[in-house]
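Asks: Got a structure for you, questions after.
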Amino acid sequence: MQLQLRLLGFLLLLTGVRAYDVIYALNAGGESHSDRHGITYERDPLMGKVGTASDYGKNIHMIARIADADKILYQTERYHTSNFGYDIPLAGDGEYVLVLKFSEVYFNAPNMKVFDVVLNGEHTVVSDLDIFQQVGRGTAHDEYVYFSVSRDRLYYKEDESEIRDNRVRVEFIKGFRDNPKINALALLKGDLEGIPTLPRQMVDPDADFFAAPDPVKPSSMDSSSRVRSGPPQPNPYFMDDSSMMLLPIFIAIGAFFPLLFCLCKL
């Protein structure tokens, strides 16, 4: 039976027909967007209600591991100084996967933003999430939460909980290190082996590349007006060029002494 399902999923993939259903998808902190897989992410329903919507990630002109056309899903986000979450509709019994999309666009080091994700008020599905520690800065990171629903019960690993009003809630839990956040999310149902996933991370997240600021891309919106995803502090993307101006002077001084020594030998 399992082999037959895989063959069916492969045939559907070849014919361009999705083997899974998109039950719900939203672009946190942003507007509606249809990605290259045909998934339409709705406008954030919490606009002006809970937490803060931010597009500070637009200061990073390229988000690694994702097609350029879909980078907006990782550039906008919602964060809050307390716990917050979304109520997501279900589509009856069956197998589900909740895809949670993240990207660290503010901090340049690990252990600066750490939080948990709880499903249906009882299941900690992501614990101590440190996005920078996982992939670095300006890089897409997805968490895949698999669960099943049967007769108004949600089953996650060995645990279960009651479902009310055919909806499930996902919450982002405030920790001791900054604020919880989410960039986008999607709830899928069906052949979960055929869902779109991010390519494998090929670069060491501890490398200096991830800690170096990206150049700010010019845009019609002044970057100073963007809402940052983090505490008030100097802009981490600002580069001090004063040291670069002094570099030629130090080089000239360093070259002068060997030249003077050679002249004295003549």
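The values are calculated or read from the model by the stated rules, or taken from the named source; none is laboratory data. It should be emphasised that the depicted structure is a prediction, and the values quoted were computed from it without experimental measurement. Cβ placement follows ideal geometry from the backbone for every residue including glycine, while neighbour counts extend to all protein chains displayed. Each accessible area value is taken on the protein alone, full model and side chains, heavy atoms only, with ligands, DNA and RNA left out. Shrake-Rupley method; radii C 1.70, N 1.55, O 1.52, S 1.80 Å.
Asks: What are the ³J(HN,Hα) couplings of segment 22-39, residue after residue, when phi is run through the Karplus curve with 6.51, -1.76, 1.60 and θ = phi - 60°? Round to Hz, x for glycine and proline.
Replies: Here the 3J(HN,Hα) series is 8, 7, 6, 8, 9, 9, 4, x, x, 8, 4, 8, 9, 8, 6, 8, x, 8 Hz.
Asks: Please list, by residue number, everything in segment 25-44 whose backbone N is under 18 Å from a paramagnetic label point 7 Å out along Cα→Cβ of residue 197.
Replies: Flagged as within label range: 37.
Asks: As I understand it, the dipole of segment 126-208 uses +1 on the Cβ of Lys and Arg and -1 on the Cβ of Asp and Glu, about the Cα centre. Which of 184, 136, 146 lies farthest toward its positive end?
Replies: 184
Asks: Right, another one. Would you pull out the residues with amide H under 5 Å of residue 108's amide H, same chain only if 5 or more places away, H placed 1.01 Å from N?
Replies: none
Asks: With the other protein chains left in place, how much accessible area per residue, in square angstrom, belongs to segment 89-178 at a 1.4 angstrom probe? Don't jump to the answer; show the numbers that get you there.
Replies: Numbers: 4080 Å² over 90 residues.
On a per-residue basis, 45 Å².
Asks: Arrange the residues 123, 61, 80 by how much accessible surface each exposes, largest first, with a 1.4 angstrom probe.
Replies: Working: 123 10, 61 75, 80 45 Å².
The ordering from most to least exposed comes out as 61, 80, 123.
Asks: A further question follows. Restricting to Cα atoms and excluding each atom paired with itself, what does the Kirkwood estimate give for segment 57-161 in Å? Write down the numbers at each step before the final one.
Replies: Numbers: mean 1/r = 0.0651 Å⁻¹.
Final number for the Kirkwood radius of segment 57-161 is 15.3 Å.
Asks: Sorted by accessible area with a 1.4 angstrom probe, largest first, how do 153, 200, 43, 36 fall? Before the final figure, lay out the partial values.
Replies: Numbers: 153 75, 200 195, 43 120, 36 165 Å².
Result of the area sort, largest leading: 200, 36, 43, 153.
Asks: Beyond 21 Å, how much of the Cα-Cα pair distribution for segment 113-191 remains, as a whole percent? Working shown, then result.
Replies: Details: 1030 of 3081 pairs.
The proportion of pairs with Cα distances above 21 Å equals 33 percent.
Asks: Related question: Determine the distance separating the Cα centre of segment 164-204 from the Cα centre of segment 113-128; give it in Å without decimals.
Replies: The two parts, judged by their Cα centres, are 10 Å apart.
Asks: Work out, step by step, the length gained on full extension between residue 109 and residue 148: first 0.36 nm times the residue separation, then minus their alpha carbon distance; give nm to one decimal. Mind showing how you got there, number by number?
Replies: On the way: separation 39, 0.36 × 39 = 14.04 nm, distance 3.59 nm.
Using 0.36 nm per residue and subtracting the Cα-Cα distance, I get 10.4 nm.
Asks: Then there is this: Rounded to the nearest 20 debye, what is the charge dipole size of segment 68-125 about its Cα centre when +1 sits on each Lys and Arg Cβ and -1 on each Asp and Glu Cβ?
Replies: Numbers: 4 positive and 9 negative charges, 59 e Å.
My answer is approximately 280 debye.
Asks: To one decimal place, what Kirkwood hydrodynamic radius in Å is obtained for segment 125-165 from all pairs of distinct Cα atoms? Walk me through the intermediate numbers first.
Replies: Numbers: mean 1/r = 0.0795 Å⁻¹.
After inverting the pairwise mean of 1/r, the radius is 12.6 Å.
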